[in-house]
Amino acid sequence: MDFTYTILIPLIPLFSFLIIGFLHNKLSNTVASGIGITALTASFVMSYYTAYKYFFTTEKIDGAYQKIIGYNTVWLQFTENLHIDMGTLIDPISVMMLVVVSTVSLMVHIYSTGYMKGEDGFNRFYSFLSLFSFSMFGLVVSTNIFQMYVFWELVGVSSFLLIGYYYDKPSAVAASKKAFIVTRFADMFFLIGILTVGYITDTYDFLALTDPSGSAIAQGGGILFMGMSTMTWALILIFMGGAGKSAMMPFHIWLPDAMEGPTPVSALIHAATMVVAGVYLVARLFPVYSISAPDALEVVAYVGAISSLFAAIVATTQFDIKRVLAFSTMSQIGYMITALGVSGMHGHEGVGYMASMFHLFTHAMFKALLFLGAGAVIHAVHSNLMNEMGGLRKYLPVTHITFLIATLTIAGVPPLSGFFSKDEILVAAFHHDKFIFFIQLFVAGLTAFYMFRLYFRVFWNKEPHYHHTPHDAPMSMKFPLMFLAMFSFVAGFLPFNEWITVDGKAIEIHTEWVVAIPATLFGLIGIAIAMVMYKKETAIPDKISAAFGKFYKWTFNKFYFDEIYMFVTHKIIFNIVSKSVAWFDRNVVDATMDGIGHVTEKSAEMIKGLQSGQIQKYGFVFISGAIIIAIAFILNLFY
Amino acid sequence: MIPNIPLSYFFVVGTLMFFIGVFGFLTRRNLITILMSVELILNSVNINFVAVNRYLFPDNMHGHFFTIFIIAIAASEAAVAIAIILNIYRKFKTINVENVSEMKY
Amino acid sequence: MDIMFYIFSTIILVFSVLTVTSRKILRAATYLLFVLIATAGLYFLLNYQFIAAIQLTLYAGGIVVLIIFSILLTSHISQSFEPVGKLKTIASGLASVAGALLTLTVLLEHEFTASTKPPVDVNMESIGLSLLSYERDGFVLPFEVISVLLLAAMIGAIVIAKKSEEKVTNQENNKSL
């Protein structure tokens, strides 16, 4: 099977970026968005074609999907074995990611023509969207860790650029800086991890690394460092990079602030694609984790579970609808991470891996839908705060219906896709670790609760006074909503258990009622509570928050994570470390330089009188000098 | 026809004249007198060339020609120098070398 | 004959000193003229008539006239110079004396042996032939170079001494105002 053309999937958006970027003041808005959409449509079509070709027509060997190198070129050659390539790797998860990224990105491109209409820098926005799409495609098809790292940083940059899209808004600038610095900080560990892995295994190539029978995996165990093998440490470091991108604890602080960017950006980057890069990274290296470093996988599982619980709790108290969705995203990514953490390699043990990817897929669709719906609401109301919303179902019928579908999906109501994928995760957790299972079950209930709180507050509840009647979004915004809503319906029935597994072989799944019934029940309870509390305006929420008292306040302030970070960075790092370094810089380094300059200047000041312009003084000096030199020669002073 | 005088006597005259010229160059303030000192210096060199030619290499005329060329150069130098001095005078209304010190630091 | 050498030498040295010390500029120029004429006398003594003639015409006739001409353009004849500062005189004098002593020591320590070769006949014909000869002892290249130099010096002197156009127009403007 020839997959060479897959290199075009990232390259077409790159060209679109270059064209729109270079000509952004020449092109009209229609043309710029047209170029972006056309390029993305091309990638979209090719991604779907690749998926069709890969899952339906490529021959399986031994009942397993093969990993295929579509295109490869050596980029940097270090030694015979150690080189960095650029290329495309076609395997089940990369194909799935191509589908996810191209779908959501195309929808966001279309949606933005309506949402961003009339904004300053419309063309800039489209060029950055193209840049992001290029980077994300490049990331998912990476053939080696280094290529992934390169594109990993590129998506970070695109994210930075798009969060800071409203660069004249101080909060947006601060948010973009925060996102960049936090993820970059995490990426530092990622890089150390990559180098360590490269050092141990002598390869960066994913195929060689993840081959379960290969030598790379076998090499990891030997060397011990602080009680764990070096491989474990390296993989934990790599996971830290992934945690930074995927907003896991404790690197999650940038994600809520990233909502300063335009809503389509939040939908694309901070809900559906870039933030799941961490999940994708762990999934990509899963065989290494599973075989060489089960301890690292345990860390992964717990980080995911705790993050998802934390985020779900915080989400219940937020009032900014985009922030609620941001915490919800974090919580759902926690789910995926946990699922990877509790997964095994083969057969039914590998259900966690499958479930994680499944949830990644469905989550991308319904979370993008939620964000785009939220965008439509914000577009209509011109506010992010749910206090200023209510009763919108009459004004925004299409948004209302699609948003409801998405909300039901994320709450895990059967037969929508969220139910299936979440169910698989719970099953995997149930068989691996009961503690994690209960956390996840509780989170499922919380998810249903906070999502329906959002839904009822926005579309039901008391109607505030609107300055002008909200009206439904234009067709360019409605179409992506409906398309994604359709996906949220259908995605649950895709046979992920056949397509996406660790070893490529299909696994049997069957509904485990022990898990499914409580999960659904928790979801329904959450919905019911939200309905009682928020469908009509009631006093219950205030009473409850008063009852929780301090805990409520803590939650509302996101457990003061930002403040802790501020304390650590400002009080400790800035005050103690940076100040002494700055002192050293100013008083030692700079002072030396200043001193040299000062001495030069002073001595110049002192001797500049010699340069008097009096020609006779010059003549005198010249002649006496000549005489002195002559005398010195005669007296043999130079020998 | 060589006078009955040792060569070194010519050297003494030349040297003394040279350093008198140098002394004048260093002490005189007027640009024209400085120019005259330079002429003295050139002239002393000429004396040495001619004397050496006559005493040591009477069979050729190299010193002789050098003297001719030096005279030519001295003439052109004097012409250009005087042109410059006139220009300076026009610009500064003086030809005192101490007042013409624009070219400093 | 020898006495002539001593007379010329004395004239040269005395008038050299007077040239660089005289406080009247025109007198200095006149002393310089005496020095140059005495030098021409030395050349005659050495039997180089051609050079002596050049010395007289070019130096004494040309350059000194040029100098006097420029003196008249730039100075008042009656004006006498201020005495030179003591420090300057002493420093310059020391440097000159030191230089003179040094040079004389070197020159007098070295023994020059007079050549016994038969002298060439320096007449106008041999000078002219040597100047334009490109064979051994020919000086055609320096001759050409020096002619270019003279031309350049002439043009340069004219260009430098010429009043600039702007100044002329300015003055005209001033007049018209």
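The values are calculated or read from the model by the stated rules, or taken from the named source; none is laboratory data. All values derive from a computational prediction rather than experimental measurement. Don't worry about glycine lacking a Cβ; one is built from the backbone with ideal geometry, like all the others, and counts go over all protein chains shown. Just the protein is used for accessible areas: all its heavy atoms, side chains included, with ligands, DNA and RNA removed. Shrake-Rupley method; radii C 1.70, N 1.55, O 1.52, S 1.80 Å.
Dimensions of segment C:81-129 along the principal axes, based on C-alpha atoms and rounded to the nearest Å, stand at 52, 33, 12, largest first. List every residue whose amide H lies under 5 Å from the amide H of B:ARG28, counting only residues 5 or more places away in sequence or on a different chain, with H placed 1.01 Å from N in the peptide plane. Amide H neighbours of B:ARG28: none. Taking every C-alpha pair closer than 8 Å and separated by at least 6 residues, the mean separation divided by the residue count of segment B:7-92 gives a relative contact order of 27 percent.
Counting only Cβ charges, +1 for Lys and Arg and -1 for Asp and Glu, the dipole size of segment B:7-92 around its Cα centre is about 400 debye. Between C:VAL106 and A:ASP2, the modelled labels are 8.8 nm apart [label points 7 Å from Cα along Cα→Cβ].
Once the Cα gyration tensor of the protein assembly as shown is diagonalised, what are the square roots of 5 times its eigenvalues, in whole Å and ordered largest first, as equivalent ellipsoid semi-axes?
101, 33, 27
Longest segment of chain A with no GluC sites (Glu not before Pro) in a DSSP loop having at most 11 other Cβ atoms within 10 Å? The longest such stretch corresponds to A:81-507. Reported value for segment A:369-444: 103 Å³ per residue, from the convex hull of its C-alpha atoms. One quarter of the convex hull surface built on the alpha carbon atoms of segment A:412-565 amounts to 13.9 nm², the projected area averaged over directions. Given a 1.4 Å probe and the protein chains as shown, A:TYR618 ends up with an accessible area of around 80 Å².
Taking amide H as placed 1.01 Å from N in the peptide plane, the amide H of A:HIS83 sits under 5 Å from that of A:PHE78, A:TYR204, each at least 5 places away or on another chain. When the Cα positions of C:TYR134, C:LEU32, C:ILE7 are compared along the charge dipole of chain C, C:LEU32 comes out farthest toward the positive end, with charges on each C-beta of Lys, Arg, Asp and Glu. Out of every Cα-Cα pair that segment A:540-619 contains, those further apart than 14 angstrom amount to 79 percent.
Database remark: amide H of A:TYR71 closer than 5 angstrom to the amide H of A:THR88 (H placed geometrically; neighbours at sequence offset of 5 or more, or on other chains; Pro and chain starts carry no H). Evaluate the distance, in nm, between pseudo-label points positioned 7 Å from the Cα of A:ASP590 and of A:SER383 along their respective Cα→Cβ axes. Each label point lies 7 Å from its Cα, and together they span 4.8 nm. Here is the tail figure for segment A:267-385: Cα pairs spaced more than 24 Å apart come to 30 percent of all pairs.
Between A:SER612 and A:ILE634, what is the spin-label point distance in nm, taking each point 7 Å from the Cα along the Cα→C-beta axis? Output for this residue pair reads 2.8 nm. Assuming charge only on the beta carbon of Lys and Arg (+1) and of Asp and Glu (-1), the dipole of the protein assembly as shown about its Cα centre is about 3140 debye to the nearest 20.
Computed over chain A, relative contact order equals 12 percent, with contacts defined as Cα pairs under 8 Å that lie 6+ residues apart. Binning the alpha carbon pair distances of segment C:1-101 at 5 angstrom intervals from zero yields the distribution 3, 12, 16, 19, 18, 16, 11, 5, 1, expressed in whole percent.
Legend: Rg and Dmax of segment A:111-211, from Cα coordinates, 16.8, 54 Å.
Would you work out which of C:VAL97, B:ASN87, A:THR399 lies farthest towards the positive end of the dipole of the protein assembly as shown? Charges go on Cβ: Lys and Arg +1, Asp and Glu -1. Toward the positive end, the furthest listed residue is B:ASN87. Short-range pairs are left out: with C-alpha atoms under 8 Å and at least six residues apart, the relative contact order of chain C is 15 percent. The residue among A:PHE44, A:TYR126, A:ALA208 whose Cα reaches farthest toward the positive pole of the charge dipole of the protein assembly as shown, with charges on the beta-carbon of Lys, Arg, Asp and Glu, is A:TYR126. Packing here is the average count of other Cβ atoms within 10 Å per residue, and on that basis the peptides A:264-274, A:19-29, highest first, run A:264-274, A:19-29. With kT/(6 pi eta Rh) evaluated at 37 °C and eta = 0.692 mPa s, and Rh the Kirkwood radius from Cα pairs, segment A:1-85 diffuses with a coefficient of 211 µm²/s according to Stokes-Einstein.
The orientation-averaged projection of the convex hull spanning the C-alpha atoms of segment A:65-136 amounts to 6.7 square nanometres.
One quarter of the surface of the convex hull around the alpha-carbon atoms of chain C equals 17.0 nm², the direction-averaged projected area. Assuming charge only on the beta carbon of Lys and Arg (+1) and of Asp and Glu (-1), the dipole of segment C:1-152 about its Cα centre is about 820 debye to the nearest 20. Eigenvalues of the alpha-carbon gyration tensor of chain B, scaled by 5 and square-rooted, set the equivalent ellipsoid semi-axes at 34, 15, 9 angstrom, largest first.
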